[in-house]
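These notes concern the structure reproduced below.
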Amino acid sequence: MVTVLFYILAGLAIACAISCVYHKNPLFSAVSLIGVFISLACIYLTLSAPFIAVTQILVYAGAIMVLVIFVIMLLNLDEDSPHTNLAYLYGFGGGLGVLLIGQALFVFYAVNRAGQKSVESTAAGQTSSIGKAMYTEYLLPVEIVGILLLMAIVGAMIMSRRLREPSVAASSEE
Amino acid sequence: MEPSLETYLALSGILFAIGSVGVIYKRNAIGMFMCIELMLNAVNLSFVAFARHYGDVTGQLFVFVVMAVAACEAAVGLGIIITFFRNRESIDVDDASIMRN
């Protein structure tokens, strides 16, 4: 049952990822990427990680992609034109993709040969155990993440502010 | 019967490969940004699969940290993209050549 569900969701995720890379229109790419996020959240549910699944939906599909689509609409982008002077990148990208997929399948083969260990069901992944670990054992990373979020807020405000200094105004006039 | 660890790792590797190819193929900055998010999600999937396999909660906490970093990246990266668009009227990464001699 879980295996069938996993293969359906994995196929959906891979199809949406390919569609995200393939489409020239950034809005179609963004919607495909939301499909990847939602199918990955369902896979997290089958991995008995409900907290991560809900956070995935809230943070990625809810916050980040809304911001991305907002920027796409705001900038009124047209279609992505193909590379003209960088044609060698197609060969390079294709070679890199084949190499990485080959590496993934090699890991699949090597781990498959090494023998299996059955997965025992544990309480890890329940929200209470995550919260307990987060505020006792891993308190320092949580504090660092808080500082990082504060820095990102300040940095984004400074970055997107319209500057009035003469040097910046001169360099922006092309 | 549950799929084994290496199945999840194979899916993670395939998604990572698709994302890295997208970073090279895409030409506008927002497309590259979305492909980077795809790669981060592939890594998150392998973290959760390992956390399930070893019955340890540490992997899921790492996923949480990665999500926070992705949110910071979204805020700052989209700020950079908007500033770049305001100066150049384009978000093509080939136009970001002011440092070229």
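Each value in this text was obtained by applying a stated rule to the coordinates, not by laboratory testing. Model, not experiment: these values are computed from the prediction. So basically every Cβ, Gly included, is an ideal-geometry build from the backbone, and we count neighbours across all protein chains shown.
Across the stretch B:5-93, the volume of the C-alpha convex hull divided among the residues equals 56 Å³ per residue. Note on A:Glu143 and B:Val65: the model spin-label points, each 7 Å out from Cα along the C-beta direction, lie 1.5 nm apart.
Shown for B:Met34, A:Met73, B:Met67: other C-beta atoms within 10 Å of each C-beta, ranked fewest to most, produce the order A:Met73, B:Met67, B:Met34. Name the most mobile residue of B:Val48, B:Val23, B:Val65, meaning the one with the largest mean-square fluctuation, in a Gaussian network model of chain B with Cα contacts below 10 Å. Greatest mean-square fluctuation among the candidates belongs to B:Val65. When you work out D = kT/(6 pi eta Rh) for the protein assembly as shown at 4 °C and 1.567 mPa s, using the Kirkwood radius from C-alpha pairs as Rh and the Stokes-Einstein form, the result is 64 µm²/s. Of B:Phe16, B:Phe47, B:Phe62, the residue with the greatest mean-square motion in the GNM of chain B, using alpha carbon springs below 10 Å, is B:Phe62.
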